[in-house]
Amino acid sequence: MWGRRSSRRGIESLRARRRRARLRLSIELILLALVIAGSLIWLAWQPYLRVSRVEVFGADQSLAAYAQRALPGSYLGIVPRDSILFVPEAMIRHAILADHPEIAALSIARTGFTALSIGATSRVAVARWCGLAPSTEGEAPYCYLFDGNGYIFAALSEDASATPPTTLNSFVVYDSLEASSTEPLRATLSSADELPDAFAFARKMGGLGSPAEAVVIRPGAGEADDLLASGTRITYVLGEEQQAYSALTAALKDLDLSDGSVSYIDLRFPGDVYVKRAGR
């Protein structure tokens, strides 16, 4: 009996020592965390770790103002926002991209201990989007620029004397917007996935006698119209550009796309080419 009581007391004593060891370790870890936190807070307020300069590369220098507006003040009065350790990058990024849809990519980096650098890559204008369809009343369209993903990022000036922007394709594009879009700016064209092949088809028209001036996409019908400078309209099925091009080139031995003698060419039906000549 004595041996059992002694063994039980030994086990309880071992458990107590382990509890005290765990408690001591917990206290030490807490103290260590407090020391580290205090050191970080102290460092954050030191002048040699505070942002004093913002540089912009590859974009308008006015982007620096977004960082300069976000840096003053502090987080709950504990650490300053302009500390190189606690720069509000997400806030700066969100503010810039919200006001500048023409920026495709944005980088914010620390340069040394007292400077930030902002780098931006602009979107490339693929073509002009001028609404759902050409105006039948002869009104000048109000157009926007869009990139390779069909994303509309800039409105064009309504000033007729303004220098037109440089785009990869000279023709105008008409297409609907995604169903969730209410405003053109920052919207995406509904046929964005089909546009690369449609544009490749349109660019080939120049080599066949007359360049395309406009590409009209009709997503509901799955069709496209290429309006040529000569006045000819070419209709085909989206996604079947190669077949349409083959049928068109085969028919050109009897047609001339450069002189306006052809009003309409329908390539929607495999094996058939419907042609309407001008004046008929």
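Here ALA221 fulfils each of the conditions (1) in contact (Cβ under 8 Å) with a residue 12 or more places away in the chain; (2) out of contact with any Phe, Trp or Tyr (no Cβ under 8 Å at 6 or more places or on another chain); (3) not polar (S, T, N, Q) apart from (1). Scan segment 241-280 for residues that are part of a helix (DSSP H, G or I) and aliphatic (A, V, I, L, M) and the total you get is 6. Residues that are out of contact with any helix residue (DSSP H, G or I) (no Cβ under 9 Å at 6 or more places or on another chain), under 25 Å from TYR245 (Cβ atoms) and of a type in the set (S, T, N, Q) within segment 171-203 comprise SER176, SER190, listed in sequence order. Which of the residues belonging to segment 92-104 are in a helix (DSSP H, G or I) and open to solvent by 40 Å² or more (accessible area, probe 1.4 Å)? ARG93, HIS94, LEU97, ALA98, ASP99 - these are the residues of segment 92-104 that are in a helix (DSSP H, G or I) and open to solvent by 40 Å² or more (accessible area, probe 1.4 Å). Restricting to segment 77-91, count the residues that are out of contact with any strand residue (DSSP E or B) (no Cβ under 9 Å at 6 or more places or on another chain) and either open to solvent by less than 50 Å² (accessible area, probe 1.4 Å) or under 11 Å from GLN46 (Cα atoms) (or both). So the answer is 1.
Okay, residues lined up against (1) open to solvent by 20 Å² or more (accessible area, probe 1.4 Å); (2) among the charged types (D, E, K, R); (3) in contact with a Leu (Cβ under 9 Å, 6 or more places away or on another chain):
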residue	(1), (2), (3)
ALA212	no, no, yes
ARG218	yes, yes, yes
SER230	yes, no, yes
GLU240	yes, yes, yes
ASP259	yes, yes, no
TYR264	yes, no, no
PHE269	yes, no, no
VAL273	yes, no, yes
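Note on segment 34-76: residues that are assigned to a loop (DSSP other than H, G, I, E, B) and surrounded by fewer than 17 Cβ atoms within 10 Å (Cβ to Cβ) amount to 8. Residues in segment 105-116 that are of a type in the set (Ser, Thr, Tyr) and surrounded by 17 or more Cβ atoms within 10 Å (Cβ to Cβ): 0 in all.
The values are calculated or read from the model by the stated rules, or taken from the named source; none is laboratory data. Just so we're clear, the structure is a prediction, and the values are computed from it rather than from any experiment. Glycine gets a Cβ as well: all are built from the backbone with ideal geometry, and neighbour counts include every protein chain shown. All accessible areas refer to the heavy atoms of the entire protein, side chains included, with ligands and DNA or RNA removed. Shrake-Rupley method; radii C 1.70, N 1.55, O 1.52, S 1.80 Å.
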